[in-house]
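For reference, the structure is listed below as structure tokens.
The values are calculated or read from the model by the stated rules, or taken from the named source; none is laboratory data. Just so it is clear, the model here is predicted, and its values are computed rather than measured. Don't worry about glycine lacking a Cβ; one is built from the backbone with ideal geometry, like all the others, and counts go over all protein chains shown.
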Amino acid sequence: MAVRYISGGESHGSRLICILEGLPAGVKVSSEFVNAELKRRQSGYGRGGRMKIESDRVEFLSGIRFGETIGSPITLSVENRDWQNWTERMSAEGSPFGEKVTNARPGHADLTGAAKFARSDVRDILERSSARETTMRVAAGALCKIFLQSCGVEISSAVLSVGGVSGEQEIKNRIDAAKSLGDTVGGVFEVKVSGVPAGLGSHIQWDRKLDAKIAAAFMSIQAIKAVELGDGFSNATKLGSEVHDEIFIDGGKIFRKTNRAGGFEGGMTNGETLIIRAAMKPIPTLMKPLQTVDIATKLATTASKERSDTCAIWAAAVVGEAMAAIVTADAFTEKFGGDALCDTLANLKFYRERLKKDFGL
């Protein structure tokens, strides 16, 4: 069974919900680990006032019994503490309350979403397009991380740069400067997935290539505008002899001295660490708003101001880890089975031994 998730909930609604399907039965899970991941998503220099209100904690509603997955869909819930301040404006019943939001923000889903869904209030769009939605990605990804850890896989991330600078103090100064101007700043982060055997994914069809699935998952994260696998962009400027990772053998073991491919060849993992980098644009909600058009009056105005961050690159990196975990977990269950963890691990063990014996991998 494929590992997949679907989530629901608005940024200022009562709660966020996620259903995660496909994890094998027998995975020992911990709400403490999930909550720690949720806390990581809320951290980072440059976060806004919302993070002072929310203290995300997960509640397991189905699919887990006595701390262990049972094979059925896992339902996760996280309450929005800020809901108490929005009960009238975000009520599921009754009459509309408060002024409509009609001045769409450039760079956000506001204008196109309102046009697509025929909404006269941009709030109907921004509440779901908000990155608050990634809370449930991180919760689902945390459970996938636990499963992958039992398979010998570890996932980590790091922020490489913010606004074109990379030193710790330079980054803080860049964020402070942007905030003082009522502006925002983006950056680049990197996710590494280690312990993945060669052969996950496939070269057979376009939609079975694991690198394509990873790239799509990262591009789905709010404000991500580019994804690089390994040294993707710099590789495009070099000769082939300078790019491709040569294959060596020593004592019957095949190895590489470099990993410019980022762990992918032909749409498949090649046994090296997976390296994924993503570029995040500056958040489009500015305290010094840009020019826009009021969708109700069709007159020029300035964009709406919602409570927002100056920089959320650290949060995006944690979300990137979660998306890598979900996609990788799906690849593991596709390759090694996903009904019971004991079967998955037995199949994985046999496969690793075969690769080592027959190919030195």
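Looking at the range 15-32 only, could you name the residues that are buried (at least 18 other Cβ atoms within 10 Å of the Cβ) and not in a strand (DSSP E or B)?
If the condition is that a residue be buried (at least 18 other Cβ atoms within 10 Å of the Cβ) and not in a strand (DSSP E or B), then Gly22, Leu23, Pro24, Gly26, Val27, Val29 are the ones that fit.
Residues Thr75, Thr112: which one is surrounded by fewer than 18 Cβ atoms within 10 Å (Cβ to Cβ), more than 13 Å from Ser11 (Cα to Cα), touching a Gly at 6+ places or on another chain (Cβ under 7 Å) and not charged (D, E, K, R)?
Being surrounded by fewer than 18 Cβ atoms within 10 Å (Cβ to Cβ), more than 13 Å from Ser11 (Cα to Cα), touching a Gly at 6+ places or on another chain (Cβ under 7 Å) and not charged (D, E, K, R) holds for just one of Thr75, Thr112, which is Thr75.
Can you say whether Lys349 is in contact with a helix residue (DSSP H, G or I) (Cβ under 9 Å, 6 or more places away or on another chain), charged (D, E, K, R), closer than 26 Å to Ile247 by Cβ and assigned to a helix (DSSP H, G or I), as far as the supplied structure shows?
So Lys349 does not fit the description; no.
Just a yes or no: is a residue in the range 216-226 at pLDDT 95 or above, in contact with a strand residue (DSSP E or B) (Cβ under 6 Å, 6 or more places away or on another chain) and more than 22 Å from Arg40 (Cβ to Cβ)?
yes
Tell me the residue from Ile276, Ile249, Ile283 that is in a strand (DSSP E or B), within 27 Å of Val327 (Cβ to Cβ) and either touching a residue at least 60 places away in the same chain (Cβ under 8 Å) or in contact with a Phe, Trp or Tyr (Cβ under 7 Å, 6 or more places away or on another chain) (or both), please.
Just a single option satisfies the conditions, and that option is Ile276.
Of the residues that make up the range 304-324, is at least one in contact (Cβ under 8 Å) with a residue 24 or more places away in the chain, in contact with a strand residue (DSSP E or B) (Cβ under 6 Å, 6 or more places away or on another chain), surrounded by fewer than 24 Cβ atoms within 10 Å (Cβ to Cβ) and farther than 30 Å from Asn103 by Cβ?
Checking the range 304-324: not a single residue is in contact (Cβ under 8 Å) with a residue 24 or more places away in the chain, in contact with a strand residue (DSSP E or B) (Cβ under 6 Å, 6 or more places away or on another chain), surrounded by fewer than 24 Cβ atoms within 10 Å (Cβ to Cβ) and farther than 30 Å from Asn103 by Cβ.
Got a number for residues in the range 227-237 being surrounded by 12 or more Cβ atoms within 10 Å (Cβ to Cβ) and either in contact with a strand residue (DSSP E or B) (Cβ under 6 Å, 6 or more places away or on another chain) or not in a helix (DSSP H, G or I) (or both)?
Qualifying residue count for the region: 5.
Please enumerate the residues belonging to the range 5-29 that are in contact (Cβ under 8 Å) with a residue 40 or more places away in the chain, under 30 Å from Val122 (Cβ atoms) and not polar (S, T, N, Q).
Tyr5, Gly9, Glu10, His12, Gly13, Arg15, Leu16, Ile17, Cys18, Ile19
So which residues in the range 223-246 are touching a residue at least 24 places away in the same chain (Cβ under 8 Å) and under 20 Å from Gly267 (Cβ atoms), if there are any at all?
Scanning the range 223-246 gives Ala226, Val227, Glu228, Leu229, Gly230, Asp231, Gly232, Asn235, Asp245.
Could you tell me which numbered condition Glu127 fails, if it satisfies all but one of (1) touching a residue at least 40 places away in the same chain (Cβ under 8 Å); (2) outside any helix (DSSP H, G or I)?
(2)
Looking at (1) surrounded by fewer than 22 Cβ atoms within 10 Å (Cβ to Cβ); (2) in contact with a Ser or Thr (Cβ under 9 Å, 6 or more places away or on another chain); (3) touching a residue at least 12 places away in the same chain (Cβ under 8 Å); (4) among the charged types (D, E, K, R), which is the one condition that is false for Asp176?
Condition not satisfied by Asp176: (3).
For the range 89-104, give me each residue that is closer than 14 Å to Glu10 by Cβ and of a type in the set (Asp, Glu).
none
Failed condition for Val185, given (1) in a helix (DSSP H, G or I); (2) buried (at least 17 other Cβ atoms within 10 Å of the Cβ), with all others met?
For Val185, the exception is condition (1).
Please work out which one of (1) within 28 Å of Met280 (Cβ to Cβ); (2) part of a strand (DSSP E or B); (3) of a type in the set (Val, Ile, Thr) is the condition Thr75 fails and give its number.
Unmet for Thr75, out of (1) within 28 Å of Met280 (Cβ to Cβ); (2) part of a strand (DSSP E or B); (3) of a type in the set (Val, Ile, Thr): (1).
Would you confirm whether or not the range 118-126 contains a residue that is of a type in the set (Asp, Glu), farther than 24 Å from Ala312 by Cβ and surrounded by 15 or more Cβ atoms within 10 Å (Cβ to Cβ)?
Yes, because at least one residue in the range 118-126 is of a type in the set (Asp, Glu), farther than 24 Å from Ala312 by Cβ and surrounded by 15 or more Cβ atoms within 10 Å (Cβ to Cβ).
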